[in-house]
Amino acid sequence: TQLLEQSPQFLSIQEGENLTVYCNSSSVFSSLQWYRQEPGEGPVLLVTVVTGGEVKKLKRLTFQFGDARKDSSLHITAAQPGDTGLYLCAGAVSGSARQLTFGSGTQLTVLP
Amino acid sequence: NAGVTQTPKFQVLKTGQSMTLQCAQDMNHEYMSWYRQDPGMGLRLIHYSVGAGITDQGEVPNGYNVSRSTTEDFPLRLLSAAPSQTSVYFCASSRTPSDAGANVLTFGAGSRLTVL
(Lines give C-alpha, C1' and ligand atoms only; values in the text may rest on other atoms or scores of the structure.)
Protein backbone atom coordinates (compact mmCIF):
# COMPACT_ATOMS: atom_id res chain seq x y z
CA THR A 1 0.00 0.00 0.00
CA GLN A 2 1.38 3.36 -1.10
CA LEU A 3 1.71 5.94 1.67
CA LEU A 4 1.04 8.60 -0.96
CA GLU A 5 -1.66 7.97 -3.55
CA GLN A 6 -1.54 9.99 -6.74
CA SER A 7 -4.38 10.41 -9.22
CA PRO A 8 -4.87 10.12 -12.03
CA GLN A 9 -2.11 7.69 -13.00
CA PHE A 10 -2.27 8.76 -16.66
CA LEU A 11 -3.57 11.97 -18.19
CA SER A 12 -3.65 12.89 -21.87
CA ILE A 13 -4.98 16.33 -22.80
CA GLN A 14 -4.91 18.85 -25.62
CA GLU A 15 -2.70 21.92 -25.56
CA GLY A 16 -4.47 24.82 -23.84
CA GLU A 17 -6.55 22.70 -21.46
CA ASN A 18 -6.35 22.92 -17.67
CA LEU A 19 -5.67 19.96 -15.40
CA THR A 20 -5.29 19.01 -11.75
CA VAL A 21 -3.22 16.21 -10.25
CA TYR A 22 -3.90 14.99 -6.71
CA CYS A 23 -1.67 13.53 -4.01
CA ASN A 24 -3.46 12.06 -1.00
CA SER A 25 -2.51 10.26 2.20
CA SER A 26 -3.92 9.29 5.58
CA SER A 27 -0.65 10.45 7.18
CA VAL A 28 0.36 13.96 8.19
CA PHE A 29 3.45 15.31 6.45
CA SER A 30 5.89 17.91 7.75
CA SER A 31 6.60 18.90 4.16
CA LEU A 32 5.58 17.87 0.68
CA GLN A 33 7.37 18.29 -2.61
CA TRP A 34 6.52 18.00 -6.28
CA TYR A 35 9.04 16.73 -8.81
CA ARG A 36 8.90 16.44 -12.59
CA GLN A 37 10.74 13.68 -14.44
CA GLU A 38 11.46 13.43 -18.16
CA PRO A 39 12.41 10.18 -19.95
CA GLY A 40 15.98 9.06 -19.28
CA GLU A 41 16.51 11.62 -16.52
CA GLY A 42 16.14 11.87 -12.78
CA PRO A 43 13.33 13.81 -11.10
CA VAL A 44 13.79 17.56 -10.75
CA LEU A 45 12.24 19.55 -7.90
CA LEU A 46 9.41 21.92 -8.81
CA VAL A 47 8.28 23.14 -5.41
CA THR A 48 8.26 22.46 -1.66
CA VAL A 49 5.31 23.26 0.60
CA VAL A 50 5.60 23.14 4.38
CA THR A 51 2.60 25.01 5.85
CA GLY A 52 -0.97 23.67 5.90
CA GLY A 53 -3.10 25.63 3.43
CA GLU A 54 -0.06 26.99 1.64
CA VAL A 55 -0.42 27.90 -2.04
CA LYS A 56 2.58 28.40 -4.30
CA LYS A 57 2.61 29.47 -7.94
CA LEU A 58 5.28 28.74 -10.50
CA LYS A 59 4.25 30.42 -13.76
CA ARG A 60 1.24 28.34 -14.97
CA LEU A 61 1.59 25.77 -12.16
CA THR A 62 -0.24 26.20 -8.85
CA PHE A 63 0.55 23.96 -5.90
CA GLN A 64 -1.59 23.65 -2.78
CA PHE A 65 -0.92 21.90 0.52
CA GLY A 66 -4.03 20.75 2.37
CA ASP A 67 -4.98 22.42 5.64
CA ALA A 68 -4.40 19.17 7.54
CA ARG A 69 -1.11 18.53 5.69
CA LYS A 70 -2.35 15.16 4.42
CA ASP A 71 -2.86 16.04 0.76
CA SER A 72 -1.68 18.28 -2.04
CA SER A 73 -2.68 19.25 -5.56
CA LEU A 74 -0.94 20.50 -8.66
CA HIS A 75 -2.97 22.58 -11.11
CA ILE A 76 -1.66 23.48 -14.56
CA THR A 77 -3.35 26.25 -16.51
CA ALA A 78 -3.27 26.26 -20.32
CA ALA A 79 -1.06 23.19 -20.59
CA GLN A 80 1.66 23.14 -23.23
CA PRO A 81 3.48 20.19 -24.88
CA GLY A 82 6.56 21.13 -22.84
CA ASP A 83 4.63 20.23 -19.68
CA THR A 84 4.66 16.58 -20.75
CA GLY A 85 6.36 14.37 -18.16
CA LEU A 86 5.97 12.28 -15.03
CA TYR A 87 4.86 14.31 -12.02
CA LEU A 88 5.76 12.90 -8.61
CA CYS A 89 4.73 14.05 -5.17
CA ALA A 90 7.00 13.22 -2.23
CA GLY A 91 6.54 13.73 1.47
CA ALA A 92 8.32 13.38 4.77
CA VAL A 93 6.35 12.25 7.79
CA SER A 94 7.19 14.20 10.93
CA GLY A 95 10.22 12.63 12.61
CA SER A 96 11.25 10.82 9.40
CA ALA A 97 12.81 13.59 7.32
CA ARG A 98 15.55 11.19 6.25
CA GLN A 99 13.07 8.86 4.50
CA LEU A 100 11.30 10.75 1.76
CA THR A 101 8.32 8.78 0.42
CA PHE A 102 7.22 9.15 -3.21
CA GLY A 103 3.83 8.71 -4.80
CA SER A 104 3.44 6.43 -7.82
CA GLY A 105 3.36 9.37 -10.21
CA THR A 106 1.08 10.91 -12.84
CA GLN A 107 2.18 10.56 -16.46
CA LEU A 108 1.00 13.70 -18.26
CA THR A 109 0.93 13.95 -22.05
CA VAL A 110 -0.01 17.27 -23.63
CA LEU A 111 -0.87 16.92 -27.31
CA PRO A 112 -0.22 19.83 -29.71
CA ASN B 1 28.45 21.71 -12.85
CA ALA B 2 28.32 17.91 -12.37
CA GLY B 3 25.88 17.50 -9.44
CA VAL B 4 25.17 13.76 -8.98
CA THR B 5 26.93 11.37 -11.35
CA GLN B 6 25.85 7.74 -11.76
CA THR B 7 27.66 4.97 -13.62
CA PRO B 8 27.01 2.84 -15.54
CA LYS B 9 23.94 4.18 -17.35
CA PHE B 10 22.96 0.72 -18.60
CA GLN B 11 23.90 -2.77 -17.40
CA VAL B 12 22.76 -6.30 -18.19
CA LEU B 13 23.50 -9.06 -15.69
CA LYS B 14 22.80 -12.75 -15.43
CA THR B 15 21.10 -14.15 -12.35
CA GLY B 16 23.63 -14.65 -9.56
CA GLN B 17 26.20 -12.16 -10.84
CA SER B 18 27.38 -9.29 -8.67
CA MET B 19 27.94 -5.67 -9.55
CA THR B 20 28.30 -2.19 -8.09
CA LEU B 21 26.42 0.91 -9.17
CA GLN B 22 28.54 3.98 -8.59
CA CYS B 23 27.28 7.35 -7.35
CA ALA B 24 29.34 10.49 -6.78
CA GLN B 25 28.30 14.04 -5.86
CA ASP B 26 30.35 17.22 -5.84
CA MET B 27 28.02 19.46 -3.80
CA ASN B 28 29.42 18.51 -0.37
CA HIS B 29 26.03 17.05 0.57
CA GLU B 30 25.94 15.04 3.78
CA TYR B 31 22.85 13.01 2.83
CA MET B 32 22.88 10.46 0.01
CA SER B 33 20.34 7.84 -0.94
CA TRP B 34 19.46 5.14 -3.44
CA TYR B 35 15.99 4.63 -4.92
CA ARG B 36 14.62 2.13 -7.39
CA GLN B 37 11.87 3.06 -9.83
CA ASP B 38 9.49 0.47 -11.22
CA PRO B 39 6.40 1.05 -13.43
CA GLY B 40 3.39 2.09 -11.36
CA MET B 41 5.39 2.01 -8.11
CA GLY B 42 7.01 5.43 -8.03
CA LEU B 43 10.41 5.60 -6.32
CA ARG B 44 11.16 3.35 -3.37
CA LEU B 45 14.00 4.04 -0.95
CA ILE B 46 16.63 1.28 -0.75
CA HIS B 47 19.33 2.66 1.55
CA TYR B 48 20.46 6.07 2.71
CA SER B 49 23.38 7.73 4.48
CA VAL B 50 23.60 10.89 6.55
CA GLY B 51 27.38 11.07 6.45
CA ALA B 52 30.62 9.15 5.98
CA GLY B 53 30.53 5.89 7.92
CA ILE B 54 26.77 6.05 8.56
CA THR B 55 24.21 4.09 6.55
CA ASP B 56 20.66 2.93 7.19
CA GLN B 57 17.97 0.87 5.51
CA GLY B 58 15.05 2.25 3.60
CA GLU B 59 11.82 0.61 2.47
CA VAL B 60 13.30 -2.12 0.21
CA PRO B 61 16.88 -2.94 1.39
CA ASN B 62 16.96 -6.72 0.83
CA GLY B 63 19.53 -7.86 -1.74
CA TYR B 64 21.48 -4.59 -1.64
CA ASN B 65 24.51 -3.40 0.32
CA VAL B 66 25.93 0.10 0.68
CA SER B 67 28.91 1.79 2.29
CA ARG B 68 29.93 5.43 2.70
CA SER B 69 33.68 5.84 3.10
CA THR B 70 33.77 9.43 1.80
CA THR B 71 31.30 12.32 1.65
CA GLU B 72 31.37 12.23 -2.15
CA ASP B 73 30.71 8.55 -2.94
CA PHE B 74 27.87 6.16 -2.14
CA PRO B 75 28.08 2.89 -4.11
CA LEU B 76 25.24 0.36 -4.24
CA ARG B 77 26.23 -3.31 -4.39
CA LEU B 78 24.18 -6.24 -5.65
CA LEU B 79 25.89 -9.38 -4.32
CA SER B 80 23.78 -11.95 -6.20
CA ALA B 81 21.49 -10.35 -8.77
CA ALA B 82 17.93 -11.61 -9.22
CA PRO B 83 15.40 -10.85 -11.99
CA SER B 84 13.29 -9.00 -9.38
CA GLN B 85 16.09 -6.43 -9.20
CA THR B 86 15.52 -5.40 -12.81
CA SER B 87 14.75 -1.70 -12.41
CA VAL B 88 15.98 1.83 -12.89
CA TYR B 89 18.14 2.97 -9.98
CA PHE B 90 18.51 6.57 -8.91
CA CYS B 91 21.04 8.08 -6.56
CA ALA B 92 20.08 11.34 -4.85
CA SER B 93 21.76 13.71 -2.42
CA SER B 94 20.85 16.67 -0.22
CA ARG B 95 22.08 18.73 2.68
CA THR B 96 21.41 17.08 5.99
CA PRO B 97 17.63 16.71 6.28
CA SER B 98 15.77 17.75 9.39
CA ASP B 99 12.15 18.22 10.31
CA ALA B 100 12.80 21.96 10.38
CA GLY B 101 13.26 21.98 6.62
CA ALA B 102 12.35 19.83 3.66
CA ASN B 103 14.77 17.20 2.37
CA VAL B 104 15.26 18.58 -1.15
CA LEU B 105 16.88 15.93 -3.31
CA THR B 106 19.18 16.33 -6.32
CA PHE B 107 18.99 13.22 -8.47
CA GLY B 108 21.40 11.57 -10.83
CA ALA B 109 20.32 10.54 -14.34
CA GLY B 110 19.71 6.93 -13.34
CA SER B 111 21.17 3.49 -14.05
CA ARG B 112 19.00 1.00 -15.93
CA LEU B 113 19.70 -2.56 -14.79
CA THR B 114 18.36 -5.71 -16.44
CA VAL B 115 18.84 -9.09 -14.75
CA LEU B 116 18.27 -12.08 -17.03
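A probe of 1.4 angstrom, applied to the heavy atoms of all protein chains, finds A:R98 with accessible area near 110 square angstrom. When both bridge partners sit in the protein assembly as shown, DSSP labels roughly 90% of those beta bridges antiparallel. Per the Kirkwood formula applied to alpha carbons, the range B:32-100 shows a radius of gyration over Rh ratio, Rg over Rh, of 0.97. Applying 1/(1 + (r/R0)^6) with r as the Cβ-Cβ distance of A:T51 and B:V104 and R0 = 22 angstrom yields a FRET efficiency of 0.85. Looking at chain B, send over the antiparallel percent of its DSSP beta bridges, to the nearest 5. Looking only at bridges with both residues in chain B, the antiparallel portion is about 90 percent.
Take each residue in A:41-51, count the other chain C-beta atoms within 10 Å of its C-beta, and the mean is 4. The ellipsoid equivalent to the alpha-carbon distribution of the protein assembly as shown has semi-axes of 29, 21, 16 angstrom, derived from the gyration tensor eigenvalues as √(5λ) and listed largest first. At q = 0.19, 0.21, 0.22, 0.29 Å⁻¹, what is the base-10 log of I(q)/I(0) for the range A:5-52 according to the Debye formula with one equal point scatterer per Cα and no solvent? Please give it to two decimals. Log10 of I(q)/I(0), two decimals: -0.87, -1.02, -1.08, -1.22. Note on A:K59: no lysines have a C-alpha under 21 Å away, same-chain residues under 8 apart excluded.
The calculated pair-distance distribution of chain A uses every alpha carbon pair, bins of 5 angstrom beginning at 0, and gives 2, 13, 24, 26, 19, 10, 5, 1, 0 percent.
Chains A and B together bury roughly 1800 Å² of accessible surface, counting both sides and using a 1.4 Å probe on protein heavy atoms. Heavy-atom surface analysis with a 1.4 Å probe gives chain A a carbon and sulfur content of 49 percent of its accessible area.
Return the FRET efficiency for the residue pair B:A82, A:E15: r is the Cβ-Cβ distance, R0 is 35 Å, and the value is rounded to the nearest 0.05. Efficiency computed from Cβ-Cβ geometry: 0.20.
A cut-off of 5 Å between modelled amide H atoms, ignoring neighbours fewer than 5 places along the same chain, links B:T86 with B:V115.
Let me see the P(r) profile for the range A:19-82: every Cα-Cα distance counted, bins of 5 Å, each bin given as a percent of all pairs. Each 5 Å bin holds this share of Cα pairs: 4, 17, 27, 24, 16, 8, 3, 0. Each Cα pair under 8 Å and six or more residues apart adds its separation to the average, and for chain A the resulting relative contact order is 37 percent. Residues whose amide H lies under 5 Å from that of A:R69, counting only those 5 or more places away or on a different chain, are A:G53; hydrogens are built 1.01 Å from N in the peptide plane. Counting Cβ atoms of other protein chains within 10 Å of each Cβ in A:98-110 and taking the mean gives 5.
Summarised as an ellipsoid, chain B has semi-axes of 23, 14, 13 Å, derived from the eigenvalues of the Cα gyration tensor scaled by 5 and square-rooted, with the largest first.
The values are calculated or read from the model by the stated rules, or taken from the named source; none is laboratory data. As the structure is a prediction and not an experimental result, all values here were calculated from the model. Neighbour counts run over all protein chains shown; Cβ positions are idealised from the backbone, glycine included. Keep in mind that these areas ignore ligands, DNA and RNA; they rest on the heavy atoms of the full protein, side chains included. Shrake-Rupley method; radii C 1.70, N 1.55, O 1.52, S 1.80 Å.
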